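Structure first, commentary second.
Every number here is computed from the coordinates shown, using simple stated rules; none is lab data. On a predicted model such as this, the values are computed, not experimentally measured, just so you know. Quick reminder, even Gly has a Cβ in these numbers, built from the backbone with ideal geometry, and neighbours come from all protein chains shown.
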């Protein structure tokens, strides 16, 4: 395994952790608070599935940007900022989505599919925002380097 592949794999683990951490926190808090429905594995499964996709994409993107000739500093700056956005989004968006449905009628909010679906949609949104940030920032940095060496 080359150094770049090992670093990309480590980054993928960080992406997976950023997406799994909120579900683990909710499960632990729900279990300690006596909310057995929240302590179930459904949020962990959804987070794991979204995390696997996002981690695979992130690792592949790092390796692809290396192959296209982007500077290592540019690649890693974009990756770290995208990871920060992902972590904030993965923690905040699901909470906002679940809080937003609190005003819905009880017949709808008692459905077993609602929380995992909203959780997954919020995580996918956070992952897509992080991916767009990574891609856009990498393009912006590369354009600045081609324009004369300094990023404007």
Ranked by GNM mean-square fluctuation in the chain (Cα springs under 10 Å), the top entry among 30, 69, 120 is 69
Listing 42, 4, 67 by rising number of other beta-carbon atoms within 10 angstrom, fewest first, gives 67, 4, 42
Cα-based Rg/(2.2 N^0.38 Å) for the chain, rounded to two decimals, is 1.23
In degrees, nearest 10, the alpha-carbon axis of helix 72-100 is tilted away from the dominant principal axis of the alpha carbons of the chain by 20 degrees
By the C-alpha gyration tensor axes a ≥ b ≥ c (rounded if a/c is under 1.5, else prolate when a/b exceeds b/c, else oblate), the shape of the range 42-131 is prolate
Note to self, the chain gives a 222 nm [θ] from helices alone (DSSP H runs n ≥ 4, -39500 (n - 2.57) apiece, / all residues, nearest 500) of -28500 deg cm²/dmol
Between the Cα axis of helix 3-33 and the main Cα principal axis of the chain, the angle (0 to 90°, nearest 10) is 20 degrees
With Cα coordinates, the longest principal axis of the chain makes an angle with the long axis of helix 114-146, in degrees rounded to 10, of 10 degrees
